[in-house]
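*Asks:* The structure under discussion is supplied below as structure tokens; questions concerning it will follow.
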Amino acid sequence: MISETVRVRFAPSPTGPLHLGGVRTALYNYLFARKYHGTFILRIEDTDQQRFVRSAEEYIIESLGWCGIHFDEGVVSGGPFAPYRQSDRSMIYKEIIGRLLETGHAYYAFDSVGELEEIRNRYQVAGAEQFQYNYKTRQEMKNSLTLSQQEVADRISTGNPYVIRIRIPENEVIVFNDLIRGKVSVHTSNLDDKVLFKSDGLPTYHLANVVDDHLMKITHVIRGEEWLPSAPLHLLLYRFFDWEKTMPQFAHLPLILKPDGKGKLSKRDGDRLGFPVFPLQWTDPVSGEVSHGYREDGYLPEAFINMLALLGWNPGTEKELFSMNELIDAFSIERVGKHGSKFDPEKAKWFNHQYLSHKTDDELMEILKSQLSRHLITASDEYVLRVIGLTKDRANLIGDLWDNSWFFFQSPQAYDERSRAKNWQSPSGEIIRNFAADVSEMKDFTKDTLHEVASHFVTLHNIKMGQLMNPLRLLIVGSNQGPGMMEIAEVLGKKEFLQRIEVGLSILG
Ligand code: GLU
């Protein structure tokens, strides 16, 4: 049973653009919150100053807004548990870590970065397993467990840099229930004494995350699988703080895999195979490198979201097209799979095609008109609607609306070399010239009358229809693309049709 008081959060670290997997985590949290009439919170986890990227927070907010994923509380809208940005909450963590020091569940450690590196190297050279700061090694290190109380006090008062580490209990099995994976158990000998508080005076992710989930009364932590290994440590923190009674339930989402299923989907896969892995275009503030985004590549947010929802969750039926409201109704954590889901870029296009073809002609007209205005072209609504009627079925991406129809709005600037080599033969010029003469006599210029004239023409001259139509298309469209030739001609009108032929003949002869 899930209570009415569901409170979930999306807690990104602003270290760069949001990956598909991050959007999906936000989406599942959002669906879960809406389904149970709960509250959805955006918390920014920016305690890692070294990896902090200034423009990332804004990017994350804009991306989720584009997706239609809205928050009830958080950095944008505020709320009863403000502030929602961890760098603005440092006093809270500073105070709270004192409790763990007092109860002996955490300790000061003075080992310098250099000393730790040296010991790691020593382990490596000796061929031993990787060095871990843990129940075995902590007795040999420089920390408040090994140094005298006086020395610890002196070091702190003289400003000797230190971190605060959790003291993982020995020889215990931590067991918890994951809503997706079921029972998970981990032996504490596999856990290290993670740093909770850093020398820069800020907490690490682990401490800040648990403290905030508690203070913000989070009921369910739904996050990526990469955090599963951290969950036992988080459980211990709930125990040490004596917060177990209100501890949230955990659900770790499986990975989104590369199209071939071999490993986690990365930006490099997108670059290599030509699809975006980010919702919006991203410009790296240091290198200036620009990465593709679904929005700029011509995807509709509804299609993008629908595709993402089904990457890991399944409704248990054959239904594939879901509006956001339908997703909210149908979603359940129980139907999220345990195993990773392969990302399929073709399926992403398929979804977009479905959503584009479900748009009304008027909606598509508005989209095409905004593209026309970018090309400084104006056309009447009636004309744009006729074009939409002929070209919409071929569109997968928003940009295809323009790519498939530009020749209705401007004459070709060049003739495609390949189509020219294939379709412009020596008699083509003469055929077209004679045909144009017949067309100029026509009173009523429609696709049907043009078809009659063309049929009559090919019979009379004893040629195949293709010998007329292919070079004709080259002159009118500039290549062999486009819908039916007669339909194009009818929309263009007789005057424009004959003019393009004339220009074409003067160039191609
Ligand atoms: N800040 C973490 C991240 O960037 C949040 C993980 C969690 O949800 O606990 O993914």
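*Asks:* Using a 1.4 angstrom probe on heavy atoms only, work out the carbon and sulfur share of the accessible area of the chain in %.
*Replies:* Answer for the chain is 49 percent, counting heavy atoms of protein chains only.
*Asks:* Using only the alpha-carbon atoms, how far is helix 494-508 inclined from the longest principal axis of the chain? Give it as 0 to 90 degrees, nearest 10.
*Replies:* 90
*Asks:* For K338, go through the lysines and keep the ones whose alpha-carbon is under 24 Å away, minus same-chain ones fewer than eight residues off.
*Replies:* The reachable lysines, counting only those whose Cα sits under 24 Å from K338, are K35, K183, K258, K262, K264, K267, K319, K347.
*Asks:* Tell me the per residue accessible area of region 286-346 using a 1.4 Å probe; a whole number in Å² is fine.
*Replies:* Result: 50 Å² of accessible area for each residue.
*Asks:* Using the Karplus curve 6.51 cos²θ - 1.76 cosθ + 1.60 with θ = phi - 60°, work out ³J(HN,Hα) for each residue of region 242-254 in order, rounded to whole Hz, and write x for Gly and Pro.
*Replies:* These are the phi-based 3J(HN,Hα) values: 6, 10, 4, 4, 10, 5, x, 8, 10, 9, 9, 7, x Hz.
*Asks:* Here is a further query. Excluding ligands and nucleic acids, what accessible area in Å² is computed for L390 using a 1.4 Å probe, to the nearest 10?
*Replies:* Here the accessible area works out near 50 Å².
*Asks:* Next question. Can you sort H206, H70, H105 by solvent-accessible area, 1.4 Å probe, largest first?
*Replies:* H70, H105, H206
*Asks:* For region 207-268, what does the equivalent ellipsoid look like in terms of its semi-axes, each the square root of 5 times an eigenvalue of the Cα gyration tensor, given largest first in whole Å?
*Replies:* 29, 10, 9
*Asks:* Could you run the Debye sum over the Cα atoms of region 107-146, one equal point scatterer each and no solvent, and tell me log10 of I(q)/I(0) at q = 0.20 Å⁻¹, two decimals?
*Replies:* Normalising to I(0) and taking log10 leaves -0.59.
*Asks:* May I ask for the percentage of alpha-carbon pairs in the chain that lie more than 30 Å from each other?
*Replies:* Result for the distance tail: 62 percent.
*Asks:* Using C-alpha positions alone, give me the convex hull volume of region 43-189 per residue in cubic angstrom.
*Replies:* Considering the Cα atoms of region 43-189, their hull volume per residue is 209 Å³.
*Asks:* Extending each Cα 7 Å along its Cβ direction at K464 and E326, get the distance between those two points in nm, one decimal.
*Replies:* Going from the K464 label point to the E326 one covers 4.5 nm.
*Asks:* Would you work out the relative contact order for region 10-145, in percent, from Cα pairs under 8 angstrom that are 6 or more residues apart?
*Replies:* About 21 percent, as a whole number.
*Asks:* With all protein chains present, calculate the accessible area of W424 using a 1.4 Å probe and round the result to the nearest 10 Å².
*Replies:* Solvent-accessible area, nearest 10 Å²: 40 Å².
*Asks:* Let me ask something else. For region 277-342, compute Rh as the Kirkwood radius over C-alpha pairs and then the Stokes-Einstein diffusion coefficient at 37 °C and 0.692 mPa s; write the answer in µm²/s, rounded to an integer.
*Replies:* Estimated diffusion coefficient is 240 µm²/s.
*Asks:* Within region 384-409, list the residues whose amide N lies under 14 Å from a label point set 7 Å along Cα→Cβ of S370.
*Replies:* It comes to 398-402, nothing else.
*Asks:* I've got another one for you. Kirkwood hydrodynamic radius, region 313-438, all distinct C-alpha pairs: what's the number in Å?
*Replies:* 18.6
*Asks:* Follow-up question, since we're still on this one. Any chance you could list P(r) for region 137-280, counting all Cα-Cα pairs in 5 angstrom bins from zero, rounded to whole %?
*Replies:* 2, 8, 14, 15, 16, 13, 12, 10, 6, 3, 2, 1, 0
*Asks:* Give me the three principal axis extents of region 455-509 from the C-alpha atoms, as integers in angstrom, largest value leading.
*Replies:* That gives 26, 25, 21 Å along the principal axes, largest extent first.
*Asks:* Oh, and also: Once the principal axes of the Cα atoms of region 403-446 are found, what is the range along each, listed largest first in whole angstroms?
*Replies:* Cα extents, longest axis first: 32, 29, 14 Å.
The values are calculated or read from the model by the stated rules, or taken from the named source; none is laboratory data. Note that the structure is a prediction, hence the values are computed from the model and not measured. Note that we place each Cβ from the backbone using ideal geometry, even for glycine, and neighbour counts take in every protein chain shown. Calculation scope for accessible area: heavy atoms of the full protein, side chains included, ligands and nucleic acids excluded. Shrake-Rupley method; radii C 1.70, N 1.55, O 1.52, S 1.80 Å.
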